[in-house]
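Data block below; observations after.
No lab work stands behind these numbers, since they all come straight from the coordinates. Source: prediction; values computed, not measured. Please note: Cβ atoms are built from the backbone with ideal geometry, for glycine as well, and neighbour counts cover all protein chains shown.
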Amino acid sequence: MMAVTESQVLEALRQVADPDRGADIVSLKMVSGVAVKDGHVHFTLEVDPQRGAALEPLRQAAEKAVDRLAGVLSVTAVLTAHRPPPKAVSGQGGTGAPGAGKPAKAGVPGVAAIIAVASGKGGVGKSTTSANLALALAANGLTVGLLDADIYGPSMPRMMGLSGKPDSADGKRLDPLVNYGIKVMSMGFLVAEDTPMIWRGPMVMSALTQMLRDVNWGTLDVLVVDMPPGTGDAQLTMAQSVPLAGAVIVSTPQDIALLDARKGLNMFRRVDVPVLGIIENMSYFCCPNCGHRSDIFSHGGARAEAEKLGIDFLGEVPLDIAIRETSDAGTPITVTQPDGVHAQTYRAIAARVAEKIKAGGRTAPRFVIE
Ligand code: ADP
């Protein structure tokens, strides 16, 4: 059997985030004393004495992360209280302080919160979910914008029933197009749909930056960003350069099984973006004729997996031809059938998302110990 190494252990622990500080436990320098002998792993998590017992779930998560490595026979992680950190410098130490001492990313003036909708791969319904989530947030009373960051295959013009080129009232910044009360910006407005686009890293970045900052978004409660599919470098750079309040992962049941969604989670954790939760799309099939529900893709996997990963489950959306038809026709179901069951589902998901943004986007509850 392959012997497990110390660096593999550290790599695994990099995937474990301290929910209260929004960064991974290795970057936060909490891990010490890693010892590996004949497949038995031992390490220490140094924690603030005041947080002590509340960090038991984190300790267990760290053990679990290492336990998954091939060649590991046993894992013991021990919490130790380290000496109090040096006096906090001004601007740090608050509950909202970003992890690992990285400079805060500049926000977009007027935009209260930016959330990313992401998926491990294409075709899982990420754009459909983005559009309906944006509309549901608006239906719940928020002012919402929608940024189509899927520059490789922009679908928001079609899904939101918009076409034409954006104007610029002030001659400096582009005005978003508006439909159903949502301000939308997409690369699809700027180039013809069938133009093949070859994007290199820096171009991707400047296109995104412009769509974010050189657009008259006005005052928004939430800007929903439809990310490009996948978890490669482009996505990572984007997640890093946009000041995100949090990310929502869209996944199908099979996609969860294949770990694509987990890659998405890890990507956001790596860049200290709180994951607000998972939405299971195409969760089960609803027969349009008889209303019978079939769990064709082993429904429920996302909920179980989310629980295992300590991520919130935001809701499940069935595979329903009405969702496809409305989204492909530019008449999303949330706005065109507001009394229907699907609109209700999206509004419930949106309410959960809004609540989490308000709570500061932390992925785990805070523990209070006496
Ligand atoms: P992605 O953005 O992940 O590539 P899309 O949102 O473009 O995926 O969805 C891919 C196709 O699946 C579209 O034709 C869309 O209408 C359809 N679709 C998405 N979600 C559902 C659903 N819950 N039920 C039925 N069709 C759906």
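Within the set 126/183; 29/263; 126/358; 172/356; 121/165, which residue pairs have Cα atoms separated by over 25 Å? Flagged as over cut-off: 172/356; 121/165.
Once the other residues with Cβ under 14 Å from the Cβ of residue 340 are scored (Lys, Arg +1; Asp, Glu -1), what is the net sum? Kindly include the intermediate steps, with their values, before the conclusion.
Details: positive: 347; negative: 320, 325, 339.
Neighbour charge sum, excluding residue 340 itself: -2.
For residue 248, nonlocal amide neighbours, meaning residues 5 or more places apart or on other chains whose placed amide H falls under 5 Å from its own, are 116, 117, 118, 276. List the aspartates and glutamates whose Cα sits under 16 Å from the Cα of residue 37, skipping any in the same chain fewer than 8 residues away. Excluding near neighbours in sequence, the set is 6, 63, 67.
For residue 287 and residue 68, calculate 0.36 nm times their separation in residues minus their Cα-Cα distance, and state this gained length in nm to one decimal.
Extending this stretch completely gives an extra 74.9 nm.
Taking other residues whose beta carbon is less than 12 angstrom from the beta carbon of residue 5, and scoring Lys, Arg as +1 and Asp, Glu as -1, yields -1.
Pull out the extension gain between residue 80 and residue 60, defined as 0.36 nm times the separation in residues minus the alpha carbon to alpha carbon distance; nm, one decimal.
Values: separation 20, 0.36 × 20 = 7.20 nm, distance 1.40 nm.
5.8 nm is the gain from fully extending residue 80 to residue 60.
Applying 1/(1 + (r/R0)^6) with R0 = 51 Å to the Cβ-Cβ distance of residue 324 and residue 169 gives a FRET efficiency near 0.90.
Remark: 26, 191, 273, 250 ranked as 191, 26, 273, 250, counting other beta-carbon atoms within 10 Å and listing the fewest first.
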